[in-house]
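The values are calculated or read from the model by the stated rules, or taken from the named source; none is laboratory data. None of these values were measured; they are calculated from a predicted model. Note that we place each Cβ from the backbone using ideal geometry, even for glycine, and neighbour counts take in every protein chain shown. For accessibility, only protein heavy atoms count, side chains too; no ligands or nucleic acids. Shrake-Rupley method; radii C 1.70, N 1.55, O 1.52, S 1.80 Å.
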Amino acid sequence: MIGIVVFPGFQLLDAAGPISALEIAARLAGTPPSIKVLAEVPGPVRSSSGVEMVARSLKAAGPISTLIIAGGGGVELAAKSANLLAFVRAMARRGIRLASVCSGAYILAEAGLLDDRRATTHWRRTRHFLSAYPKVKLEPDRIFVRDGNIWSSAGITAGIDLALAMVAEDFGDEIAQKTARELVLYHRRSGGQSQFSSLLELKAPGGRFGALLSWARENLKAPLTVDDLAERAGMSSRHFARAFIAETGTTPSKAIERLRIEVARQRVQSSTEAIERVAQLTGFRDPERMRRAFIRAFGQPPQSVRRAARAG
């Protein structure tokens, strides 16, 4: 039995995406789908789009094995509900599989279930989440994260990626692949949130370190170590690293790598330069190092990115 928690102002796809994936998987596996929508106040629950889902009360959850918490604009208010937090903590004590979609991670974090655990949430909420829950080991560039029996996923459609991973665990990889085909989706989406968000943000960075990142982007051939960046910012290396993470949601070294990846991607796609030369010009120096960075960010090496651009 799977429970999906919603609340007023939830994001519809945060709930509907996993529900569809799990329903299709159960059907393909030859078992009847067993999914309940749950809410603190039972009955029609209005999503941020105005579309409603009919939910049962939290007390009617019964013997569920997985609890998935949706996110959405109403999550801040939901995360303050003593009844909802008590319910989530009770489910955690039972040792069931807990998961959040998008900003649903706030509810897990507010319940104290993400302290000292790895987790992720929507990239737009990274800075606020880091400041609100410093004990959480946030991994802002992940599509989804599993830490023991607690799972979390990035924004909206990433809930389907999370659900497909659960399907693979419950029914095997073959059913997960068939489910993805039914949904007309990749079985395992490559890359991280950076391909949708962070790289774009760093192109025109604002805030406290905006000028520094703009300068770095124009000087990618330089080493650009943390010490180099801290010196230019007029700060000690230790203080700079902490302040940078709090401001941007990522480490200085990861930010520089993302800048290098983005500039390198543009050159790979739009020019005929040798991959080795692109690696040199963007500060990777070693083509193999650039190749590994591309695979982390885009799920494919530079040569494949170039071929795809030409084919497109």
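Say whether the condition of being of a type in the set (A, V, I, L, M), open to solvent by 20 Å² or more (accessible area, probe 1.4 Å), farther than 28 Å from A243 by Cβ and at pLDDT below 95 is met by at least one residue in the stretch 60-81. Looking through the stretch 60-81, at least one residue is of a type in the set (A, V, I, L, M), open to solvent by 20 Å² or more (accessible area, probe 1.4 Å), farther than 28 Å from A243 by Cβ and at pLDDT below 95. Identify all residues within the stretch 137-158 that are at pLDDT 90 or above, surrounded by 23 or more Cβ atoms within 10 Å (Cβ to Cβ) and over 19 Å from P18 (Cβ atoms); write none if there are none. The answer is none; no residue qualifies. For the stretch 165-175, state whether one or more residues are open to solvent by less than 20 Å² (accessible area, probe 1.4 Å) and at pLDDT below 90. Looking for residues that are open to solvent by less than 20 Å² (accessible area, probe 1.4 Å) and at pLDDT below 90, one finds none in the stretch 165-175, hence no. Taking D161, is it open to solvent by 10 Å² or more (accessible area, probe 1.4 Å), free of Cβ contacts under 8 Å to residues at least 24 places away in the same chain and either in a loop (DSSP other than H, G, I, E, B) or within 23 Å of A180 (Cβ to Cβ) (or both)? Here the answer is no, as D161 does not meet what is asked.
Grab the helices (runs of 4 or more DSSP H) fully contained in the stretch 184-253, keeping just those with 2 or more residues being open to solvent by 20 Å² or more (accessible area, probe 1.4 Å), out of contact with any strand residue (DSSP E or B) (no Cβ under 6 Å at 6 or more places or on another chain) and modelled with pLDDT of 75 or more.
Working: elements: 198-203, 210-217, 226-233, 237-248.
Counting at least 2 such residues, we get 210-217, 226-233, 237-248.
Could we say that E262 is of a type in the set (D, E) and open to solvent by less than 30 Å² (accessible area, probe 1.4 Å) here? If you could, list the steps in order and put the result at the bottom.
Working: of a type in the set (D, E): yes; open to solvent by less than 30 Å² (accessible area, probe 1.4 Å): yes.
Criteria met by E262.
Consider A279 carefully, then state whether it is open to solvent by less than 50 Å² (accessible area, probe 1.4 Å), closer than 28 Å to T120 by Cα and assigned to a helix (DSSP H, G or I). Outline the logic, then answer.
On the way: open to solvent by less than 50 Å² (accessible area, probe 1.4 Å): yes; closer than 28 Å to T120 by Cα: no; assigned to a helix (DSSP H, G or I): yes.
Here the answer is no, as A279 does not meet what is asked.
Of a type in the set (K, R), assigned to a helix (DSSP H, G or I) and farther than 13 Å from L213 by Cβ: is that true of R289 in this structure? Explain how you work it out, then say what you get.
Numbers: of a type in the set (K, R): yes; assigned to a helix (DSSP H, G or I): yes; farther than 13 Å from L213 by Cβ: yes.
For R289, the condition - of a type in the set (K, R), assigned to a helix (DSSP H, G or I) and farther than 13 Å from L213 by Cβ - is met.
Residue count for the stretch 27-52 satisfying the condition of being in contact (Cβ under 8 Å) with a residue 40 or more places away in the chain, closer than 19 Å to I160 by Cα and more than 25 Å from the chain's Cα centre (by Cα): 2. Within the stretch 287-298, being open to solvent by 30 Å² or more (accessible area, probe 1.4 Å) and at pLDDT below 90 holds for I295, R296.
Residues checked against (1) out of contact with any Leu (no Cβ under 6 Å at 6 or more places or on another chain); (2) under 23 Å from T126 (Cβ atoms); (3) of a type outside the set (D, E, K, R):
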| position | (1), (2), (3) |
| --- | --- |
| F209 | yes, yes, yes |
| D228 | yes, no, no |
| T248 | yes, yes, yes |
| K254 | yes, yes, no |
| P301 | yes, no, yes |
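Step by step: first the residues of the stretch 114-136, then only those that are more than 25 Å from G95 (Cβ to Cβ) and among the aromatic types (F, W, Y), then the one that is most open to solvent (accessible area, probe 1.4 Å). Which residue is that? By that ranking, first place goes to W123.
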